[in-house]
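A.B. asks: I am attaching a structure below and will ask some questions about it afterwards.
The values are calculated or read from the model by the stated rules, or taken from the named source; none is laboratory data. Please read all numbers here as calculations on a predicted model, not as lab measurements. Surface areas here come from the heavy atoms of the whole protein model, side chains and all, with no ligands, DNA or RNA. Shrake-Rupley method; radii C 1.70, N 1.55, O 1.52, S 1.80 Å.
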Amino acid sequence: MIGPRIFALLLVPFAATSALAVSPEPAPSSEEPYALVRSLQAVQDGIASGDAAAHGGHLALIRQIGEKFLAADPGVWSNPQNGQAIVVYLLSGGAPQIVRKLPRERINVDERLFNGALAYVEGRQDEARELLKDVKPRTIPSSMSGQIALVQGALLASSDAPVAIERLDDARLLLPGTLVEEAALRREVPLVGQAEDFDKFEFLTQAYIRHYRNSVYAGDFWQRFSSALTRSSLALDEHRFSRIVALLDQIDRANRLKLYLVIAKSALVHGRLAVVRLAGEQALSLSADGSVERERAHLFRGSARVLTDDYEGGLSELKAVDRPKLPEREASLLNANIQLALDVRKPISGPPSAVAADKPPPTPARLDLASSVATLARAQRQLEELELLTKDRRP
């Protein structure tokens with residue numbers, strides 16, 4: 001389970017143990033809490049741009065700032081800027097146990113925001129959602145608006161995705177070029193994928209690539225991107241497949257290959273044979289000779305070819321697959337596909353004269369449906385195998 005402090009760090013999985021061993025950066029010269037928090041935000045924005053050193057030392061800086069909060073004159077908290085800084089501190093990974101030691105009666109900040117932020121970082125999600133649900137980020141002080149919008153997006157993601165998307169849009173627009181925008185992009189991609197909004201999915205991905213491809217958390221973004229792509233039908237439209245390719249070209253070769261194989265089998269299950277073939281061809285171009293991935297790519301592409309305009313080539317491709325290299329279930333799928341392809345092209349039986357006249361053969365008194373039933377049973381087993389394949393772990 002993710003601890004409340006780590007959970008608050010802009011929804012990012014930080015490596016806390018290594019960070020705490022790094023010597024902290026010198027504290028800013030100003031002792032005003034809002035100035036201290038601004039220095040923290042500057043370090044976190046460096047993380048968004050790929051500054052590994054900033055990532056390594058920022059938790060120590062958070063701890064140092066917390067100590068200075070406790071040592072501050074109680075009178076400083078009557079300044080609204082300093083009260084707002086507490087909220088930002090909490091939502092930037094600050095320790096709630098530090099905040100609880102501050103003189104609450106002197107802190108000048110909206111109670112909903114203070115209590116909502118505290119509930120959020122302490123893991124009391126329902127309470128935080130209730131406290132923050134009516135807050136309009138654009139109506140509160142700009143020092144807190146982006147962070148509050150980001151938290152609202154996280155809190156509403158599972159219960160009200162459309163509003164969550166709106167809040168994450170707010171977070172991006174209110175704090176562009178910051179770790180808040182970077183985190184909002186990562187949170188929004190799966191929601192937009194779930195909504196099947198390909199244009200926005202593409203836009204958000206391109207925005208991330210353009211501004212944050214070197215982020216310390218780029219790996220987390222691509223994991224969310226992959227999940228959104230393969231859990232939806234976004235990649236199953238052949239007319240936009242070239243746009244999918246352009247997005248996937250940003251990923252490393254190994255993960256790109258995994259994604260194309262997932263897309264191919266998902267498309268096969270949904271009967272999108274053109275996409276199966278396209279994804280299979282991409283997988284073939286990325287896989288090594290003799291590899292399991294190469295044989296799986298041939299399986300998917302061959303299955304699409306036999307059912308479209310390249311029956312002979314597809315059947316030859318399926319027969320050439322190195323069956324022992326396939327996972328057991330996919331080997332069974334290969335057998336079923338080959339048999340189904342052979343059954344599809346069985347010659348029509350009946351008197352030659354009837355066939356020549358383009359007329360159906362005479363109907364016997366009793367129809368023998370055994371062959372057709374067997375073919376349908378094999379097709380059903382094939383579909384069941386495909387359904388099982390889609391439940392495999394994604395890359």
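A.B. asks: I need the Kirkwood Rh of the range 83-194: take the reciprocal of the average 1/r across all distinct C-alpha pairs and report it in angstrom. Numbers along the way, then the final one.
C.D. replies: Working: mean 1/r = 0.0716 Å⁻¹.
Its Kirkwood hydrodynamic radius stands at 14.0 Å.
A.B. asks: Something else about it: Roughly what percent of Cα-Cα pairs across the range 43-101 reach past 12 Å?
C.D. replies: Values: 1177 of 1711 pairs.
In whole percent, the share of Cα-Cα pairs in the range 43-101 beyond 12 Å is 69.
A.B. asks: In percent, what relative contact order does the range 242-342 have, based on Cα pairs under 8 Å that are 6 or more apart in sequence? Spell out each step's value before the answer.
C.D. replies: Values: 113 pairs, mean separation 19.9, N = 101.
Worked out over the range 242-342, it gives 20 percent.
A.B. asks: Could you pull out every one of the aspartates and glutamates with an alpha carbon less than 17 Å from that of LYS200, ignoring same-chain neighbours closer than 8 positions?
C.D. replies: GLU166, ASP169, ASP170, GLU181, GLU182, GLU188, ASP237
A.B. asks: Mean shadow of the range 210-272, computed from the convex hull of its alpha carbons, in nm²? Working shown, then result.
C.D. replies: Working: hull surface 17.3 nm².
It is 4.3 nm².
A.B. asks: So if I take the centroid of the Cα atoms in the range 69-144 and the same for the range 249-281, what is the distance between those two points in Å?
C.D. replies: For the range 69-144 versus the range 249-281, the Cα centre distance is 46 Å.
A.B. asks: A follow-up question, please. Could you name the aspartates and glutamates whose alpha carbon sits less than 12 Å from that of LYS265, not counting residues in the same chain fewer than 8 places away?
C.D. replies: GLU330, GLU385, GLU387, ASP392
A.B. asks: Right, next: Cα extents of the range 265-349 along the three principal axes, largest first, in whole Å?
C.D. replies: Principal axes ranked by extent give 44, 26, 21 Å for the Cα atoms.
A.B. asks: From the convex hull of the Cα coordinates of the range 176-300, what is the mean projected area in square nanometres?
C.D. replies: Details: hull surface 29.4 nm².
Result: a mean projected hull area of 7.3 nm².
A.B. asks: Run the numbers on the range 186-261 and let me know its relative contact order in percent, using alpha-carbon pairs under 8 Å that are six or more apart. Don't jump to the answer; show the numbers that get you there.
C.D. replies: Details: 44 pairs, mean separation 28.1, N = 76.
Relative contact order of the range 186-261: 37 percent.
A.B. asks: To the nearest 10 square angstrom, what accessible area does HIS211 show with a 1.4 Å probe?
C.D. replies: Its accessible surface works out to 110 Å², give or take rounding.
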